[in-house]
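Report on one structure; see the data block that follows.
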Amino acid sequence: MLKRNFVILFATTFSGIFFNNFANATVLNNSYKEVIDHVWQIVYRDFLDSSGKFQKSNWIKIRKEFLSKTYSDSNDAYDAIRDMLSNLDDSYTRFLEPKEFNQMRIDTSGELTGVGIQIVKDKESDELIIISPIEDTPAYDAGIKARDKILSIDDISTEGMNIDDAVKLIRGQRGTKVKLEILRGSKSFFKILLREKIEIKSVSSKVNQTKNGLLIGYVRIKQFNANASRETKDAIEDLETKNVSGYVLDLRSNPGGLLESSIDISRYFINKGIIVSTLSKDGFKEIKRGNGQALTKKPLVVLVNEGSASASEIVSGAIKDNKRGKLVGRKTFGKGLVQSMRTLVDGSGLTVTVAKYLTPNGTDINKSGIVPDIEVRMNINPILQKEIGTRKDKQYKAGEKELINIIKSKNQINEFNPATTNLNESLKIKKEDKVFSFN
């Protein structure tokens, strides 16, 4: 690790990384090549190539090419850095200017400024794609959806536009408006959004009662920021005191966040077993496991959809592969890469892909996503926000139904009496139900 680097590992599809209190930037006196070389060194040492196209010999040639040029100012050098990074064919490895790095609020702080969307540039189509709108933000309230494509920003075409330029156009002074042209399927339309300071409460929870009187603990995680682990822990501990019979964990439209947050939250439900494996470019495999301190062992269903990405896929993949619960909804986004945020010598920043993660069974979900155990489409007609996580929510309703079945099966096993019941027949029935709970 280079000295003076500030490193955060995150598994997210967020369009920018921001810090609140950043030290004064180092002033370089006509030494713009130092910043370029700093970026080059980080990539050379740490970059994980997910496309299979990166060759160190070519990257060495690129260094010679870019350092042989003369740069008149920082803008000239920053353009060169972006040009250099474009050779990586990795939309998640990005450069941020000092002003962007210093002024924008990182999602891990639980606070953002903007309209509340996460975007990524599709390498194959070269389109700007919205991963997911953040709940209770201008984008969410305006009906923006996961997989929407941005055709223009304030009438400026996004064709050939990189994420940094798109973020600059979308962001702006609080209270001002931005016009987005959206493509959804084959139809395009405009949305005018008001820029706001967005404070995010990452976790919400409640008790739902089923028609037959069972109490269900409903926990929704909107983003894996710095507060998510503590808020989730508080929610589960509170629900445990209310004697819920099982849990529905809602990760729909959760674009990701901190890697450690996803591991912590997985451990609240998984007592033992592998949570996730991260694989570095050098083949170093780090395995994270349950720590024997799960907060609950009660039946669990996880809701996922197309907007469930990265850290959300770590949690849902861990629960599915460990057979800790069932996944209900739609196939997840498919982003299995880990980025590290590095500060550069002049106060600018670099997000660089440093690892990929695998589910406990060794599945690399990048691009392919995680397929739920039970496929359920969302309501054809949009539902109100207050109806999310209720029986008016089609995916939640299916999840609750599956959870009730699991609870009933578990209760039947717990009631097994070897003095009065045929053991072989009982095991046969339970095998068909795929539910085993002999402790």
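Starting from region 175-201, keep only residues that are on the phi > 0 side of the Ramachandran plot, then list their pairs with residues that are of a type outside the set (Asp, Glu) and surrounded by 11 or more Cβ atoms within 10 Å (Cβ to Cβ) whose Cβ atoms are within a distance under 9 Å, requiring at least 6 positions of separation or different chains.
Listed by first residue and then by second, the contacts come to GLY175/LEU194; GLY175/ARG195.
Just checking, how many residues over region 192-206 are open to solvent by 60 Å² or more (accessible area, probe 1.4 Å) and either in contact with a helix residue (DSSP H, G or I) (Cβ under 7 Å, 6 or more places away or on another chain) or assigned to a strand (DSSP E or B) (or both)?
6
From GLY160, GLY172, grab the single residue that is within 25 Å of SER86 (Cβ to Cβ) and either not aromatic (Phe, Trp, Tyr) or not in a loop (DSSP other than H, G, I, E, B) (or both). Break it down stepwise before answering.
On the way: GLY172 fails: within 25 Å of SER86 (Cβ to Cβ).
After ruling out the rest, the residue left standing is GLY160.
With the condition kept exactly as written, say whether any residue in region 302-319 is outside any loop (DSSP other than H, G, I, E, B), surrounded by fewer than 24 Cβ atoms within 10 Å (Cβ to Cβ) and on the phi < 0 side of the Ramachandran plot. Talk me through it step by step, then tell me what you get.
The first filter runs over region 302-319 and keeps only residues outside any loop (DSSP other than H, G, I, E, B), leaving 302-304, 311-319.
Now restrict to residues that are surrounded by fewer than 24 Cβ atoms within 10 Å (Cβ to Cβ): none.
No, that holds for no residue.
Would you pick out the residues in region 200-214 that are under 18 Å from GLY399 (Cα atoms) and touching a Gly at 6+ places or on another chain (Cβ under 9 Å)? Break it down into steps so the answer makes sense when it comes.
We begin by selecting, within region 200-214, every residue under 18 Å from GLY399 (Cα atoms); these are 204-214.
Within region 200-214, SER204, SER205, LYS206, VAL207, ASN208, LEU214 qualify.
Return the residue satisfying two criteria in turn: it lies in region 274-292 and is open to solvent by 10 Å² or more (accessible area, probe 1.4 Å) and at pLDDT 95 or above, and of such residues it is nearest to ARG220 (Cα to Cα). Write out each step before concluding.
Within region 274-292, the first condition is being open to solvent by 10 Å² or more (accessible area, probe 1.4 Å), and the residues that meet it are 274, 278-292.
Subsequent filtering for residues that are at pLDDT 95 or above retains 274, 287-292.
Numbers: ILE274: 23, ILE287: 26, LYS288: 23, ARG289: 23, GLY290: 21, ASN291: 23, GLY292: 23 Å.
Among those that are open to solvent by 10 Å² or more (accessible area, probe 1.4 Å) and at pLDDT 95 or above, it is GLY290.
In region 212-240, how many residues are under 17 Å from GLU387 (Cβ atoms) and part of a loop (DSSP other than H, G, I, E, B)?
1
Could you grab me the full set of residues in region 48-65 that are of a type in the set (A, V, I, L, M, F, W, C) and at pLDDT below 95? Walk me through it before giving the result.
Taking region 48-65 and keeping what is of a type in the set (A, V, I, L, M, F, W, C), we get 48, 54, 59-60, 62.
If the condition is that a residue be of a type in the set (A, V, I, L, M, F, W, C) and at pLDDT below 95, then LEU48, PHE54 are the ones that fit.
Which residue out of LYS392, LYS397 is at pLDDT 95 or above, in a helix (DSSP H, G or I) and surrounded by fewer than 18 Cβ atoms within 10 Å (Cβ to Cβ)? It would help to see each step written out before you state the result.
Numbers: LYS392 fails: in a helix (DSSP H, G or I).
It is LYS397.
For the list (1) of a type outside the set (A, V, I, L, M, F, W, C); (2) free of Cβ contacts under 8 Å to residues at least 60 places away in the same chain; (3) in contact with a helix residue (DSSP H, G or I) (Cβ under 7 Å, 6 or more places away or on another chain); (4) open to solvent by 10 Å² or more (accessible area, probe 1.4 Å), I need the number of the one condition that SER266 fails.
The one condition SER266 does not meet is (4).
Can you tell me which residue among SER51, SER86, SER91 is part of a helix (DSSP H, G or I) and not aromatic (Phe, Trp, Tyr)?
The unique qualifying residue is SER86.
So is ARG252 without any contact (Cβ under 8 Å) to a residue 60 or more places away in the chain, part of a loop (DSSP other than H, G, I, E, B) and open to solvent by 10 Å² or more (accessible area, probe 1.4 Å) or not?
Details: without any contact (Cβ under 8 Å) to a residue 60 or more places away in the chain: no; part of a loop (DSSP other than H, G, I, E, B): yes; open to solvent by 10 Å² or more (accessible area, probe 1.4 Å): yes.
So ARG252 does not fit the description; no.
Looking only at region 25-47, filter to residues that are surrounded by 15 or more Cβ atoms within 10 Å (Cβ to Cβ), out of contact with any helix residue (DSSP H, G or I) (no Cβ under 8 Å at 6 or more places or on another chain) and not in a helix (DSSP H, G or I); which one of those is modelled with the highest pLDDT?
Filtering first and then ranking leaves SER31.
Does region 115-132 include one or more residues that are hydroxyl-bearing (Ser, Thr, Tyr), open to solvent by less than 50 Å² (accessible area, probe 1.4 Å) and modelled with pLDDT under 95?
From region 115-132, those hydroxyl-bearing (Ser, Thr, Tyr) are 125, 132; that's our starting set.
Within this subset, residues satisfying the condition of being open to solvent by less than 50 Å² (accessible area, probe 1.4 Å) are 132.
After this cut, where a residue has to be modelled with pLDDT under 95 as well, the list is 132.
Yes, region 115-132 has at least one match.
The values are calculated or read from the model by the stated rules, or taken from the named source; none is laboratory data. Here the structure is a predicted model, which means the values were calculated and not measured. Using ideal geometry, Cβ is built from the backbone for each residue, glycine included, and neighbour counts are taken over all protein chains shown. Calculation scope for accessible area: heavy atoms of the full protein, side chains included, ligands and nucleic acids excluded. Shrake-Rupley method; radii C 1.70, N 1.55, O 1.52, S 1.80 Å.
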